[in-house]
Structure formats: C-alpha cells, structure tokens
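The values are calculated or read from the model by the stated rules, or taken from the named source; none is laboratory data. What you see is a predicted model, and the numbers here were worked out from it, not measured in a lab. No Cβ is skipped: glycine too gets one built from the backbone with ideal geometry, and neighbour counts run over all protein chains shown. Protein only, heavy atoms only, side chains kept; ligands, DNA and RNA dropped before computing areas. Shrake-Rupley method; radii C 1.70, N 1.55, O 1.52, S 1.80 Å.
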Amino acid sequence: MSIYKVYIINNEEHFEIWNDSLTVLITSYSTTFTYTLCDYASLSKKDIEHSSEIIKKIIYEKKNKKALLSELVDISKIYLFLQDQEQHILKSWKKYPDDIANVLIQEYEYISLFFTQAVNNKTISNILLEGTLTVKIENINNRICEVLYPKHTSDVFYFLFTEMIKRDILFKICRRCKRVFPCFEHKNTCFCERTVSGIDRTCLQLRNKKIAEDKSIADYDIRKTVMAVFEKAYKRQRGRVDYGSKTKKQFKVWSKKARHQRDLCLAMQIPISEFEEWITKNDWNYEDNRVD
C-alpha cells in the first residue's frame with residue numbers, strides 16, 4: 001500500500017505518494033500554499049456531489065477504478081490523496097458510503113465560508129472540521145518541517161486549515177480569474193499567480209493587459225482614466241507653485257509620491273478608486289519626503 005505525505009515549505013504546499021517503504025516517489029504535486037483549498041472553494045456543489053458519486057463507484061465497482069480516480073483528481077487536486085490507495089478509500093469511506101455526499105458538502109461549505117469571511121476581513125468562525133492527524137518532524141531538502149501522513153481527505157483539510165490560521169494570511173479575489181488567492185508579500189496586488197489556461201503566463205503577469213472578462217473595467221481605457229486623474233492633480237499642484245501658495249520643494253515631494261501611486265495604478269496593483277482617494281487625501285501633504 002502506498003504512503004501519502006503532505007508538507008509546507010517556503011509558502012509552497014507539497015503532496016506526495018510514495019511506495020510502502022518510502023524509497024520510491026510515485027507521484028507528486030506542488031503549488032503555492034493555500035491554492036489547493038482556494039481552488040476547492042471555487043468548485044460548485046454540483047462538482048462536490050459528482051465527487052461523492054465517483055467515490056461510491058470506486059468502493060463498489062471492481063472495474064475502471066484508475067479512470068475514476070483520475071476523474072476525481074481532475075475535479076480537485078485534494079483528491080490526489082485517493083490515487084493508488086484503494087485500501088485507504090475502503091477504510092475511509094466504506095463506513096458511511098450512503099452519507100458521502102453530505103460529508104463532502106459539509107466540508108465544502110466550511111471551506112467556502114472560511115474564505116468568504118477571510119476575503120471580507122470578518123472574524124473567522126471556529127473550524128468545525130475534525131481530523132486525527134499523524135504528523136512527524138522531518139528534514140526535507142535541508143528544511144525541518146511538519147509532515148502529515150493522512151488517513152482521510154478531512155485530515156488534509158484540517159492540516160492545511162490549521163497552517164492557514166497560524167500564519168494569519170491575507171486573502172483577496174483575483175481581478176482576472178475571480179478566484180481566491182493569498183497575499184504573502186505584495187499586499188496591494190489584485191492578481192493571483194495561477195497559470196492562465198492555454199497561456200504559459202499567470203494572471204499577475206498579465207495584469208497590464210486589458211481584461212475583457214472583467215466587465216467593471218472593460219468599458220473604458222484604464223490608462224487614459226488614470227492619467228487624466230494624475231494630470232488634473234499635477235496641474236493643480238503646479239498652479240499653487242506659480243501663485244506662491246506652496247514651494248518647489250513641497251511640489252517635488254508631492255510629485256514623487258503621486259507618480260509612485262500613479263505607476264501602481266497603471267500596473268493594476270491598486271484600483272483606480274484607491275488612486276483617486278490617495279490624490280484627495282494627499283492634496284496638501286508635502287511634509288514626508290519618503291515614497292509610501
């Protein structure tokens with residue numbers, strides 16, 4: 001029987017299946033930490049119900065089990081746990097085969113609620129998922145980390161949830177693909193790092209391109225709007241210098257900071273509304289010569 005491992009290193013989550021002696025790596029999958037659960041939360045209830053039907057077939061049917069397992073992984077990488085582990089499936093699910101759909105839907109609803117609250121900066125509800133975790137401390141690529149040896153898919157959920165809450169991660173909705181994603185370093189970014197289907201580039205790499213799918217910005221030229229806001233404010237500030245109501249040094253400080261905010265907006269790292277709000281709030285702020 002194969003052995004399954006889950007661990008997190010450098011903001012990346014790793015899922016691995018080994019042979020029973022842990023000498024041969026059979027298959028593996030890795031992605032940015034939390035992306036597996038973020039993508040799971042973007043599924044529909046129909047997808048979850050379909051998953052439960054596949055698991056029932058795996059339990060009761062003797063044929064086509066590998067094809068069924070592959071279909072599960074196509075729905076969500078979280079089901080990689082079930083690949084090549086028919087004995088685990090029987091032990092984990094056969095005790096309540098008639099209630100599989102309810103179990104999966106309950107887990108799915110908890111996960112969806114968590115991300116809804118996280119994105120809206122609301123208090124996170126207590127985690128109601130349960131798991132009996134078998135965790136070991138191991139040295140992986142010269143890094144000491146906790147490694148989970150799950151017995152059920154709920155163990156994987158619980159382990160990832162626990163790590164997410166411990167790290168107090170900021171979550172947003174990607175402006176391009178509309179899915180939840182974590183912000184680890186650049187708190188102002190509005191785009192995730194998922195690879196766009198059919199294009200070897202991520203949503204973040206495509207942030208400077210006009211996004212037809214986003215109806216909120218498809219009807220006008222972003223650059224033209226941003227530059228119009230900047231130029232109007234720039235002329236107003238320059239006029240104050242000409243009329244003697246502010247000094248050239250003050251204008252230079254404001255101009256440096258305003259150009260920085262303008263460039264962030266042009267790169268779509270902040271929305272236009274945030275740029276306009278900054279212009280309004282900093283109309284007479286020239287004291288700090290550092291760039292925000």
Study note, to complete from the structure: Note on segment 1-82: alpha-carbon gyration tensor, axes a ≥ b ≥ c; rule is a/c under 1.5 for rounded, else prolate if a/b larger than b/c, else oblate; result oblate
Review point. Once the Cβ-Cβ distance between Ser255 and Asp200 is put in as r, and R0 is 22 Å, what FRET efficiency do you end up with, to the nearest 0.05?
Key: 0.05
Study note, to complete from the structure: Listed by chain and number, the residues whose amide H is under 5 Å from that of Phe184, excluding neighbours fewer than 5 places away on the same chain and using placed H, are none
Point to revise | Heavy atoms of Glu138 accessible to a 1.4 Å probe, total area in Å² rounded to 10 | key: 40 Å²
Exercise for review: Collect residues whose amide H, placed 1.01 Å from N in the peptide plane, falls under 5 Å from the amide H of Phe33; neighbours closer than 5 in sequence don't count.
Suggested key: Glu12, Glu13
Practice item. Could you compute the FRET efficiency for Cys145 and Glu61, with r as their C-beta to C-beta distance and R0 at 35 Å, rounded to 0.05? Key: 0.40
